[in-house]
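S.K.: Sharing a structure, written as structure tokens. Questions coming.
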Amino acid sequence: MNDAVAVPYALWLIPSGELRAQLRATVEDLAVRFKSPPFEPHVTLCSGVWTAGLPALRTALDSLCRGFGPVYLTVAGLGQTDDYFSCFFIRLINSDSPRLFERATSAINGARSAPIGPHLSLIYSDRIADINRAGLVQEISPSLPARISFDSAQLVMPATGHWRDVSRWELRHSVSFNADQIDQPGL
């Protein structure tokens, strides 16, 4: 009898240093303004449903991130969809490490990357009509950096099994990238 339980997970890239604090402040400000949940700023490297136990997933994350130095993604403006988790976001281009997301999805069985490509969400909401996203583009665009650096990865799981329970997301593992030992040619 198989006792494995299927649990949703996501592997995140976490912004570095002061920019992380600035992005967190932006997400929190927008959450208050638009009555949406606050969350840690991140880029989903891959996600899926895991059945092989948490230690194996931690090992997979460690193996995937081994040799990573800082990861840089180029900012390509702001974007929006009618999906809850990509209501309003920073659009990113993976020009420095073009195979990074492909490497992540192939390293972990059943993993997938975001259908809209690399992005860093600023608002989670399904109340689209209540948010003047065109106005937000004008407000936020001037302060966007040219690129965002990421210095760690995190394994996150929803405690309830449901991603919309944002306040119940749990950090299960974290890996800091080693800037002294960069091994990215194969990305």
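S.K.: What number of residues within the stretch 52-66 satisfy the criterion of being surrounded by 15 or more Cβ atoms within 10 Å (Cβ to Cβ) and not aliphatic (A, V, I, L, M)?
M.R.: The qualifying residues number 2.
S.K.: Please find, within the stretch 147-187, the residue that is modelled with the highest pLDDT out of those that are part of a loop (DSSP other than H, G, I, E, B) and of a type in the set (Phe, Trp, Tyr). Give the derivation first.
M.R.: Step one: filter the stretch 147-187 for residues part of a loop (DSSP other than H, G, I, E, B), giving 159-165, 177-187.
Retained after the next criterion (residues that are of a type in the set (Phe, Trp, Tyr)): 163, 177.
Working: 163: 96, 177: 87.
Step by step, filter the stretch 147-187, then rank; the result is 163.
S.K.: Within the stretch 94-112, can you find the residues that are farther than 16 Å from residue 14 by Cα and of a type outside the set (Asp, Glu)?
M.R.: 95, 98, 99, 103, 105, 106, 107, 108, 109, 110, 111, 112
S.K.: Condition first: in contact with a Ser or Thr (Cβ under 7 Å, 6 or more places away or on another chain) and surrounded by fewer than 17 Cβ atoms within 10 Å (Cβ to Cβ). Now tell me which residues in the stretch 85-106 satisfy that.
M.R.: Across the stretch 85-106, the qualifying residues are 93, 95.
S.K.: So, one more: Being under 25 Å from residue 135 (Cβ atoms) and assigned to a strand (DSSP E or B): is that true of residue 89 here?
M.R.: In short, yes.
S.K.: Now, a different point. Within the set of pairs 6+ apart or on separate chains, which have a first residue in the stretch 11-24 that is of a type in the set (Ser, Thr, Tyr), a second that is assigned to a strand (DSSP E or B), and C-beta atoms under 7 Å apart?
M.R.: From the stretch 11-24, the pairs are 16/149; 16/150; 16/151.
S.K.: Just one of (1) part of a helix (DSSP H, G or I); (2) in contact with a Leu (Cβ under 8 Å, 6 or more places away or on another chain); (3) of a type in the set (A, V, I, L, M, F, W, C); (4) within 16 Å of residue 171 (Cα to Cα) trips up residue 64, so point out which.
M.R.: Of (1) part of a helix (DSSP H, G or I); (2) in contact with a Leu (Cβ under 8 Å, 6 or more places away or on another chain); (3) of a type in the set (A, V, I, L, M, F, W, C); (4) within 16 Å of residue 171 (Cα to Cα), only one is false for residue 64: (4).
S.K.: Of all the residues that make up the stretch 67-79, how many are closer than 17 Å to residue 173 by Cβ and at pLDDT 90 or above?
M.R.: Qualifying residue count for the region: 0.
S.K.: On to the next question. For the stretch 127-146: of the residues being in a loop (DSSP other than H, G, I, E, B) and surrounded by 13 or more Cβ atoms within 10 Å (Cβ to Cβ), which is farthest from the chain's Cα centre (by Cα)?
M.R.: Residues of the stretch 127-146 in a loop (DSSP other than H, G, I, E, B): 127, 131-132, 144-146.
Still in the running and surrounded by 13 or more Cβ atoms within 10 Å (Cβ to Cβ): 131, 144-145.
Working: 131: 22, 144: 17, 145: 17 Å.
The qualifying residue farthest from the chain's Cα centre (by Cα) is 131.
The values are calculated or read from the model by the stated rules, or taken from the named source; none is laboratory data. Note that the coordinates shown come from a computational prediction; the quantities given were computed from them, not determined experimentally. Methodologically, a virtual Cβ is constructed for each residue, glycine included, from the backbone with ideal geometry; neighbour enumeration extends over all protein chains shown.
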